[in-house]
Amino acid sequence: MSSLSRGGFASRIGFILAAAGSAVGLGNIWKFPYEAGKNGGAAFLVVYVLLTFLFCYPIMVGEIAIGRRAGKDVYGSYKLLGGKKWGPLGLLGILCGIMILSFYNVVAGWAFGYFLEISFGNLLSEPNYAEFFGTYVNNFWDNMFFSVGFMAITAFIVAKGVKQGIEAAAKIMMPALLLILLLLIGYSMTLPNAMAGISFYLLPDFSKITLDTLYPAMGHAFFSLSLGMGALITYGSYVGKNQNIMTAAFTITIMDMSVAFLAGLMIFPLIFSQGVAPDSGPALVFVVLPAIFSAFGPILGKIVGGSFFLLLCFAALTSTISLLEVPVAYYVDERNLPRKRVTWLVAAVIFIAGLPSMLSQGVVPAFNKLSFYHDKTALDFVAEVFSEVCLPLGGCLMCLFIVLQWGQQNMSKEIYEGNPDYEGSFLEKYINFTIRYVCPILLGLFSVLIVLDKLFQVKLF
Ligand code: TRP
């Protein structure tokens, strides 16, 4: 297939927004604030920023460089630059993309449902939100409707192609997301007790920084930046040679961190204004926040709550797009199939693969307690195996690929294009050193710890 018909990003900012859109997702707005709430507020933030720059940034640069050099989907890229034996690493990435999207879309469907129910329904008059959420995730037809809806919107955009679909959507949704976020922060700052929330969030309690903080921060940073499965190899393959990979990756990282940081700035004052404990875990977004919105009264509640869930939907959508693009690019590049048809087909298959996760909240008891996986839900199983275990492993293997097969000098050469100053710079030495030693060793160690913890329930830390 000629590079012309594969498509590509039309502008530098288009790529940056699309990749930042991939990074900014449920992870930033749903998970980051509750991880921070549990792990010492700003202390978690400091660790998170350090880990992100020390490790994740070099991995992101590596992924984009591989993709741009090869100009192919993740499987094709590994195969082209490393030979057939590296193909399976690409296939692992595609499998991760499929499985992560299968459960991610279920949660995105909840957000979509909440958005519609708050904006146009009467969700704000519920007496008990924990109960409501429990019933809600077990309502088969509601779930079906919202998950199919969310997947269809994702497929509709991906089917339109890189420039007219992915790039165009990111150019609208990312600025809109930022605007809604800033407006909500502005509003939540005016609430009574807002400052108590801010100081909980921003005054670091360094006594809370232990290996226990490091561990979730590391896994989260990786997931949040969409690393380890070749999403950025795929997006990188649509990037022009005049783009500066180093500054693009830096901007994407900063954007992702800023949205996570800002999400905390929006959520903690909201929580403290109603005197709720800041460490309520995953229930934060779907149970605690709706109760807070309902306390604002019917009109303000609709506006603030509706905006919040719209924000969550935008964030999730730019991420589901990037997850779907990974397998779609494989079929387009490797099998020469027409993008439109393949997109809808792959989306349908992924939707079906997500049914166990969707039905795992109680509808089907067998999916609610997997006997082979410590009685956890199917959703937990897929999320833990394919994102928490496989992504750091994928990142580790990518480093080995660069060092042992492709060659670090080839990676450097790819980065020189669009950035001649990189040659001989301190940054080049730093990136080469981390990709050679720091990342593979730490990610390898981390993968072992995660496997022990998740699969065998052995916690060394
Ligand atoms: N980064 C997204 C989030 O924070 C999720 C995501 C999208 C992702 N694409 C990915 C995670 C690829 C890993 C790999 O919600």
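The values are calculated or read from the model by the stated rules, or taken from the named source; none is laboratory data. Note that this is a predicted model, so its numbers are computed, not measured. Backbone-built Cβ (ideal geometry, glycine too); neighbour counts: all protein chains shown. When the accessible area is computed, the model is the full protein with side chains, heavy atoms only, and any ligands, DNA or RNA have been set aside. Shrake-Rupley method; radii C 1.70, N 1.55, O 1.52, S 1.80 Å.
Would you work out what percent of the accessible area of the chain, with all protein chains in place, is carbon or sulfur (probe 1.4 Å)?
Taking all protein chains in place, the chain shows 68 percent carbon and sulfur surface.
How much solvent-accessible surface does Asp333 expose, in Å² to the nearest 10, with a 1.4 Å probe and all protein chains in place?
20 Å²
List the lysines whose Cα sits under 19 Å from the Cα of Lys85, skipping any in the same chain fewer than 8 residues away.
Hits, sequence-local ones excluded: Lys72.
Describe numerically, in nm with one decimal, the distance between label points set 7 Å from Cα along Cα→Cβ at Ser207 and at Arg335.
Distance between label points: 5.8 nm.
Just to be sure I understand the model, the point goes 7 Å from the Cα along the line to the Cβ. What's the resulting Ser199 to Phe426 distance in nm?
3.7 nm
For a Förster distance of 51 Å, can you work out the FRET efficiency between the beta-carbons of Asn128 and Leu54, rounded to the nearest 0.05?
0.70
Leaving out same-chain residues fewer than 8 places away, which aspartates and glutamates sit with a Cα under 20 Å from that of Lys84?
Within the straight-line cut-off, Lys84 pairs with Glu63, Asp73, Asp333, Glu334.
How large is ³J(HN,Hα), in whole Hz, for each residue of segment 103-109 in order, when computed from phi with the Karplus curve 6.51 cos²θ - 1.76 cosθ + 1.60 and θ = phi - 60°, using x for Gly and Pro?
8, 4, 5, 5, 5, 4, x
Using θ = phi - 60° and the Karplus curve 6.51 cos²θ - 1.76 cosθ + 1.60, what whole-Hz ³J(HN,Hα) does each residue of segment 178-183 get, with Gly and Pro shown as x?
Here the 3J(HN,Hα) series is 5, 4, 4, 4, 5, 4 Hz.
Treating only the Cβ atoms of Lys and Arg (+1) and Asp and Glu (-1) as charged, compute the dipole magnitude of the chain about its Cα centre; round to the nearest 20 debye.
Charge dipole, the chain, about its Cα centre: 1180 debye, nearest 20.
State the answer as a single residue: which of Phe150, Tyr215, Ser273 lies farthest towards the positive end of the charge dipole of segment 12-456, with beta carbon charges of +1 for Lys and Arg and -1 for Asp and Glu, about the Cα centre.
It is Phe150.
If you average the sequence gap of Cα pairs under 8 Å that are 6 or more apart and divide by the length of the chain, what percent do you get for the contact order?
Relative contact order for the chain comes out at 32 percent.
Starting from the residue with the highest accessible area, list Arg436, Arg6 in decreasing order, probe 1.4 Å.
Result, largest first: Arg436, Arg6.
Can you give the Rg and Dmax of segment 147-246 based on its C-alpha atoms, in angstrom?
Rg, Dmax (Cα atoms, Å): 19.3, 51.
What does a probe at Gln457 reach in segment 369-396, counting residues whose amide N is under 13 Å from the point 7 Å along Cα→Cβ?
370-377
Hey, could you pull the Cα Rg and Dmax for the chain, both in Å?
So, for the chain, Rg and Dmax equal 21.3, 64 Å respectively.
Please work out the average accessible area per residue across segment 12-456, using the 1.4 Å probe convention, and give it in Å².
That works out to 37 Å² per residue.
Helix 245-273 sits at what angle to the longest principal axis of the chain, using alpha carbons and giving 0 to 90 degrees rounded to 10?
Computed tilt is about 10 degrees.
Towards the positive end of the charge dipole of the chain, with charges on Cβ (+1 Lys, Arg; -1 Asp, Glu), say which of Ser294, Leu449, Pro204 has the farthest Cα.
Leu449
Note down the nm distance, to one decimal, between modelled labels 7 Å out along Cα→Cβ at Ala291 and at Gln409.
6.3 nm
Given the rule -39500 (n - 2.57) for each run of at least 4 DSSP H residues, summed and divided by the residues of the chain, what is its mean residue ellipticity at 222 nm, to the nearest 500 deg cm²/dmol?
It lands at -22000 deg cm²/dmol.
Given the whole protein assembly as supplied and a 1.4 Å probe, what does the accessible area of His374 come to in Å², nearest 10?
Here the accessible area works out near 60 Å².
Can you tell me which lysines have their Cα less than 23 Å from the Cα of Lys171? Leave out same-chain residues fewer than eight positions away.
Within reach: Lys160, Lys163, Lys241, Lys340.
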